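S.K.: Take a look at the following structure, please.
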Amino acid sequence: MTRLFDAGIASLGLAFPSLGIDVRELARVRDIDPNKFTLGLGCGTIALCDQDENAVTLGAKAARRALERWDGTLEDIGMIVVGTETAADMSRPLSAFIAEELGLEGAVRSYEVKHACYGGTLALRQALEWKASGAAGDKAALVIASDVALYGECDGGEPTSGAGAVAFIVDKPTVAAVEIDSYAWSKPAFDFWRPVGEDYPRVDGKFSLDCYNEAVEHCFAQRIGDASAASVLSQYDAICFHVPFPKMVKKGVTRLGEHFQLGEDVTGKLFAEKVDPTMAWNREVGNCYTAALWIAVARALADQGPGAHVAAFSYGSGFGAELLGLVAGDAAADAAWVADVEQDLAARRLLTGEEYLDYRAARRKEVREVPLRQTA
Ligand code: CAA
């Protein structure tokens, strides 16, 4: 029987930056066949931060939106925890930068969680476990996953760049309840990492794909156990994955189908009906690291509505992964957070390829002139 935490997601907010570029424009100025980015990687548009935007401002914007929709106030928050791989400082947590923007201080536990793209999921789990332990009392947690995913110029990962944030209030499970049982898998690896002081990640591309697929296989194998894979997977209305780029998710589902011998037709149907629709927003914003999975989950909750069972597979390079289960609550009927995405995407400006080259050149200059990375 499914066991659910008493506390869950009480409110959701999303935020995206005000610039972007269609990957076909990027392909044009990089002299690459656009089909490689659109068909080969499954990408659409990359979200880009303007000069005054970063992981702090995005995280704060998402948090304000989640707080506005919640019936509590800042005084009711007893924990702020931020999952990110866009750290502003080696010591001061991103939660302190965001708390400052929000005016949140006092009897509040405040910290940052790092495990590549898995950090947001860990932050959410910790908040749920904090509530379940009784240590929270009647306080709620503000959990934020916020990242700016920008790869080096001409790097293979450049078309998979992106930026965005998701904020959750962990309190009553009105948006979604979360299952207590989850299925974690980790293995130390150098598949994707960013050495201290370097501005862009280093990636062992093909190896990173293998690690992701290995994690998919192990997490789902634990969930399925001795049962029939087809029957366990059919219990979910939507299956969400971490989305570094949409084709990676397709590869993960293919691996799942092969491992459990589902057959090509069943695997294809599973992907088309339960997985692909969850990535509609990811295609518009690119990889958002810690936020990427939760953007897909937010979309699935909105599409499926109250009572829907949603699986969430989280992956973070290094590597660590965890498969979670959620049940959509009554607030999924209105899905107020859809407005965040519609508003931000409607307001953003898409750069031409030439403007993007200028944007990157300006950023190069900024990196040289501000050797100590600072955000706010
Ligand atoms: N038309 C159509 N398809 C084309 C094409 C064309 N003209 N040219 C190439 N393709 C296809 C290729 O066949 C390939 O598809 P398959 O893998 O299905 O065969 C696809 O486009 C990509 O081509 P390449 O493999 O040659 O691309 P690449 O080596 O330049 O880069 C990458 C691919 C390594 C994934 C790179 O984008 C990258 O480094 N990305 C960042 C790392 C990443 O996201 N890894 C995912 C797992 S790690 C993770 O999940 C954490 C995270 O968020 C980063």
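S.K.: Being over 20 Å from residue 349 (Cβ atoms) and more than 9 Å from the ligand (Cβ to nearest atom) is the filter; apply it to segment 26-41 and report the residue that is least open to solvent (accessible area, probe 1.4 Å).
M.R.: The qualifying residue least open to solvent (accessible area, probe 1.4 Å) is 30.
S.K.: Further question: Between a residue in segment 144-167 that is closer than 13 Å to residue 57 by Cβ and open to solvent by 10 Å² or more (accessible area, probe 1.4 Å) and any residue that is more than 10 Å from the ligand (Cβ to nearest atom) and not in a strand (DSSP E or B), which pairs come within a Cβ distance under 9 Å, given they are 6 or more apart or on different chains?
M.R.: If the second residue must be more than 10 Å from the ligand (Cβ to nearest atom) and not in a strand (DSSP E or B), the pairs left are 148/17; 148/49; 148/53; 148/54; 148/55; 148/58; 148/86.
One line per residue, one yes/no per condition, for (1) within 16 Å of the ligand (Cβ to nearest atom); (2) open to solvent by 10 Å² or more (accessible area, probe 1.4 Å):
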| site | (1), (2) |
| --- | --- |
| 43 | yes, yes |
| 47 | yes, no |
| 50 | no, yes |
| 54 | no, yes |
| 60 | no, no |
| 95 | no, no |
| 100 | no, yes |
| 103 | no, yes |
| 110 | no, yes |
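S.K.: On to the next question. In this structure, does residue 256 turn out to be touching a strand residue (DSSP E or B) at 6+ places or on another chain (Cβ under 8 Å) and farther than 25 Å from residue 144 by Cα?
M.R.: Criteria not met by residue 256.
S.K.: Give segment 320-339 a look and list any residue that's open to solvent by less than 20 Å² (accessible area, probe 1.4 Å) and over 16 Å from the mean Cα position of the chain (by Cα), or say none.
M.R.: Across segment 320-339, the qualifying residues are 328, 329, 332, 335.
S.K.: Another question about this same structure. Condition first: part of a strand (DSSP E or B), in contact with a strand residue (DSSP E or B) (Cβ under 9 Å, 6 or more places away or on another chain) and either in contact (Cβ under 8 Å) with a residue 60 or more places away in the chain or within 15 Å of the ligand (Cβ to nearest atom) (or both). Can you find one or more residues in segment 206-213 that meet it?
M.R.: No, segment 206-213 has no match at all.
S.K.: Same structure, new question: Return the total of residues in segment 221-255 being assigned to a loop (DSSP other than H, G, I, E, B) and farther than 15 Å from residue 292 by Cβ.
M.R.: Qualifying residue count for the region: 7.
S.K.: Here is a list: 265, 276. Which entry is open to solvent by 10 Å² or more (accessible area, probe 1.4 Å), modelled with pLDDT of 95 or more and within 16 Å of the ligand (Cβ to nearest atom)?
M.R.: Result: 276 is the single residue among 265, 276 that is open to solvent by 10 Å² or more (accessible area, probe 1.4 Å), modelled with pLDDT of 95 or more and within 16 Å of the ligand (Cβ to nearest atom).
S.K.: Hey, does segment 234-249 have a residue that's of a type in the set (Phe, Trp, Tyr) and within 16 Å of the ligand (Cβ to nearest atom)?
M.R.: Yes: one or more hits.
S.K.: Of 281, 294, which residue is in contact (Cβ under 8 Å) with a residue 12 or more places away in the chain, open to solvent by 10 Å² or more (accessible area, probe 1.4 Å) and among the aromatic types (Phe, Trp, Tyr)?
M.R.: 281
S.K.: Let me ask something else about it. Restricting the first residue to segment 246-269 and requiring it to be on the phi > 0 side of the Ramachandran plot and among the basic types (Lys, Arg), which pairs with a second residue that is outside any helix (DSSP H, G or I) and open to solvent by less than 70 Å² (accessible area, probe 1.4 Å) meet a Cβ separation below 7 Å and a spacing of at least six or different chains?
M.R.: none
S.K.: Okay, next question. Residues that are modelled with pLDDT under 95: which strands (runs of 3 or more DSSP E) entirely in segment 4-109 hold 2 or more of them?
M.R.: No strands (runs of 3 or more DSSP E) qualify here.
S.K.: Of the residues that make up segment 136-147, is at least one assigned to a helix (DSSP H, G or I) and either in contact with a strand residue (DSSP E or B) (Cβ under 7 Å, 6 or more places away or on another chain) or modelled with pLDDT of 95 or more (or both)?
M.R.: no
The values are calculated or read from the model by the stated rules, or taken from the named source; none is laboratory data. As the structure is a prediction and not an experimental result, all values here were calculated from the model. In this analysis, Cβ positions are derived from the backbone assuming ideal geometry, glycine residues included, and neighbour counts consider all displayed protein chains. The area values use the complete protein model at the heavy-atom level, side chains included, leaving out ligands, DNA and RNA. Shrake-Rupley method; radii C 1.70, N 1.55, O 1.52, S 1.80 Å.
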